[in-house]
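**Q** Here it is, the structure, as C-alpha cells.
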Amino acid sequence: MEFLSVLSNRDFPYRSIKMLSSKRSAGKHMTFQDWDYVVEELKADSFERVDIALFSAGGSISKEFGSIAVEKGTIVVDNSSAFRMVEGMPLVIPEVNPEAMEGVRLGTGKGTLIANPNCSTIICLMAATPLHWSAKEVVVYIARVLHLVSSKTGIKEL
C-alpha cells in the first residue's frame with residue numbers, strides 16, 4: 001500500500017494499474033484513487049505490456065518473477081533484499097544517487113531491475129546526503145557499547 005501512497009502523493013502519471021498477488025489473495029478488491037481494482041494472481045505472463053513493476057512481496061517472489069518481468073521489457077523496482085548484495089547492482093535512492101538510473105527509459109522495451117537499500121539506510125542517507133555534499137571534512141565515529149565495560153575482557157575487546 002505504501003507504493004500506492006507514493007504514486008498518489010507524487011501525482012505519478014499512469015494509464016492503468018495492475019495489482020498482483022499470490023493465488024490466495026487473487027480476486028480481492030482494492031480501491032485506489034476512487035477506482036476499484038480486482039487483484040490478479042501473479043504469473044509469468046503477468047508482465048505483458050507492463051512498463052513499470054513495483055515489487056514488494058519478499059525476496060523469493062522477486063527472485064522468481066523479477067527476471068521474468070525484465071525479460072518482458074519491464075522496469076522493475078524491487079523493495080526486497082533479494083538483489084541488495086548482487087555484484088554490480090546499484091542500490092538506488094533517487095534523491096541520493098539518481099545517476100545510478102541513467103539509461104533507464106520508459107518505452108524502449110529494455111527492461112531493467114532497480115534495487116533499493118533497506119528502509120533504515122534510506123532514511124539515514126536522505127538526512128546525511130545534503131550534509132555530505134556541503135561537508136569540508138568527514139569524520140567517521142564508530143562506538144561499540146560493551147555489556148561489561150569495566151571487565152578486563154571487555155576492555156581488551158575494545
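The values are calculated or read from the model by the stated rules, or taken from the named source; none is laboratory data. The model shown is predicted, which means the values in this text are computed figures rather than measured ones. As a convention, Cβ positions derive from the backbone with ideal geometry for all residues, glycine included, and neighbour counts pool all protein chains shown.
**Q** With the requirement that a residue be touching a Leu at 6+ places or on another chain (Cβ under 9 Å) and over 16 Å from Ser56 (Cβ atoms), what does the stretch 1-33 give you?
**A** Tyr14, Lys23, Ala26, Gln33
**Q** Further, regarding this structure: Could you figure out which of (1) surrounded by 13 or more Cβ atoms within 10 Å (Cβ to Cβ); (2) assigned to a loop (DSSP other than H, G, I, E, B) isn't true of Leu4?
**A** The failed condition is (2).
**Q** For the stretch 20-29, name all the residues that are surrounded by fewer than 17 Cβ atoms within 10 Å (Cβ to Cβ) and either free of Cβ contacts under 8 Å to residues at least 12 places away in the same chain or within 21 Å of the chain's Cα centre (by Cα) (or both).
**A** Here is the first cut: in the stretch 20-29, the residues surrounded by fewer than 17 Cβ atoms within 10 Å (Cβ to Cβ) are 21-29.
If the condition is that a residue be surrounded by fewer than 17 Cβ atoms within 10 Å (Cβ to Cβ) and either free of Cβ contacts under 8 Å to residues at least 12 places away in the same chain or within 21 Å of the chain's Cα centre (by Cα) (or both), then Ser21, Ser22, Arg24, Lys28, His29 are the ones that fit.
**Q** So if I check each of Glu48, Glu137, Glu95, Glu99, which one is farther than 19 Å from Leu4 by Cβ, modelled with pLDDT of 90 or more and over 18 Å from the mean Cα position of the chain (by Cα)? Steps first, answer last, please.
**A** Values: Glu137 fails: modelled with pLDDT of 90 or more; Glu95 fails: over 18 Å from the mean Cα position of the chain (by Cα); Glu99 fails: over 18 Å from the mean Cα position of the chain (by Cα).
Every option except Glu48 fails the conditions.
**Q** Are there any strands (runs of 3 or more DSSP E) wholly within the stretch 34-143 with 2 or more residues that are among the basic types (Lys, Arg), and if so which? If you could, list the steps in order and put the result at the bottom.
**A** On the way: elements: 35-38, 52-55, 75-78, 112-115.
Counting at least 2 such residues, we get no strands (runs of 3 or more DSSP E) at all.
**Q** Of all residues in the stretch 58-89, count the ones that are at pLDDT below 95, among the hydrophobic types (A, V, I, L, M, F, W, C) and over 14 Å from Asn118 (Cα atoms).
**A** So the answer is 2.
**Q** Also, I was wondering about something else. Any chance you could count how many residues in the stretch 30-51 are surrounded by 14 or more Cβ atoms within 10 Å (Cβ to Cβ) and aliphatic (A, V, I, L, M)?
**A** Filtering the stretch 30-51 down to residues surrounded by 14 or more Cβ atoms within 10 Å (Cβ to Cβ) leaves 30, 32, 37, 39-40, 42, 46-47, 50-51.
Of the ones still in play, those that are also aliphatic (A, V, I, L, M) are 30, 39, 42, 50.
Within the stretch 30-51, residues that are surrounded by 14 or more Cβ atoms within 10 Å (Cβ to Cβ) and aliphatic (A, V, I, L, M) number 4.
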